[in-house]
Amino acid sequence: MNTYIFDFKIILNVPILFIIIFMISLENAVSNQIELKVSVNGSGLEIPRMVSLKKSLTYMRSGPGKEFPVKFELRQKGYPLKVVAEFNNWRKVITYNKISGWIHTQLLSSFRTGLLTKTTFLKTMPSDSSNSLAKLLPNLLINVMICKDNWCKIEIVKSKLYVGWVQKDTIWGSTKN
């Protein structure tokens, strides 16, 4: 009697197992064909890309609209952000510290800025052997003028204007990083 019950359970469970395998393989096939959209009625510009803040106080929201609550306040004009998605006139951005949220396009600029990621030296020419103009500390906001190979020409506006070269890998916001 026990052998019949055991065989009956196997006979009943095998078709269920085939159905589960079929559903998983169908789901994988469909998910491989669906491409996630990062832009809905957006600008048509490349994503991801770097932008900067136009104003010294900008609200980052939890969603693409003024009805969404403010998630974070950014308080530095020119601060670089990475655009990772678009929805109409709203851009989903990520900061250097991995904080993400939505900002309206009117508050963003295409002006290239960056943050230094580590202590480095401002050089007169794009070469390690060139003279140093200044020692630059991490998290310094810079304006990126041009990047060539492994170097970027930057400017720093403090009590006076400093212009020189730093290695590209020391800048967050110089390229697709």
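The values are calculated or read from the model by the stated rules, or taken from the named source; none is laboratory data. Model, not experiment: these values are computed from the prediction. Quick reminder, even Gly has a Cβ in these numbers, built from the backbone with ideal geometry, and neighbours come from all protein chains shown.
Picking from K118, K153, which residue would you name as being part of a strand (DSSP E or B) and among the charged types (D, E, K, R)?
That would be K153, the only listed residue that is part of a strand (DSSP E or B) and among the charged types (D, E, K, R).
Those residues that are on the phi < 0 side of the Ramachandran plot and surrounded by 15 or more Cβ atoms within 10 Å (Cβ to Cβ), I need them from region 74-88; list them, please.
The answer is L74, Q76, K77, Y79, P80, L81, K82, V83, A85, E86, F87.
Which residues, counting only those in region 75-92, are touching a residue at least 24 places away in the same chain (Cβ under 8 Å) and either within 11 Å of L108 (Cβ to Cβ) or in contact with a Ser or Thr (Cβ under 6 Å, 6 or more places away or on another chain) (or both)?
K77, G78, Y79, P80, L81, V83, E86, W90, R91
Filter region 146-177 down to the residues that are surrounded by fewer than 18 Cβ atoms within 10 Å (Cβ to Cβ), touching an Asp or Glu at 6+ places or on another chain (Cβ under 9 Å) and at pLDDT 95 or above and list them by number.
V163, Q167
Looking at region 121-140, which of its residues are within 26 Å of the chain's Cα centre (by Cα) and in a loop (DSSP other than H, G, I, E, B)?
L137, P138, N139, L140
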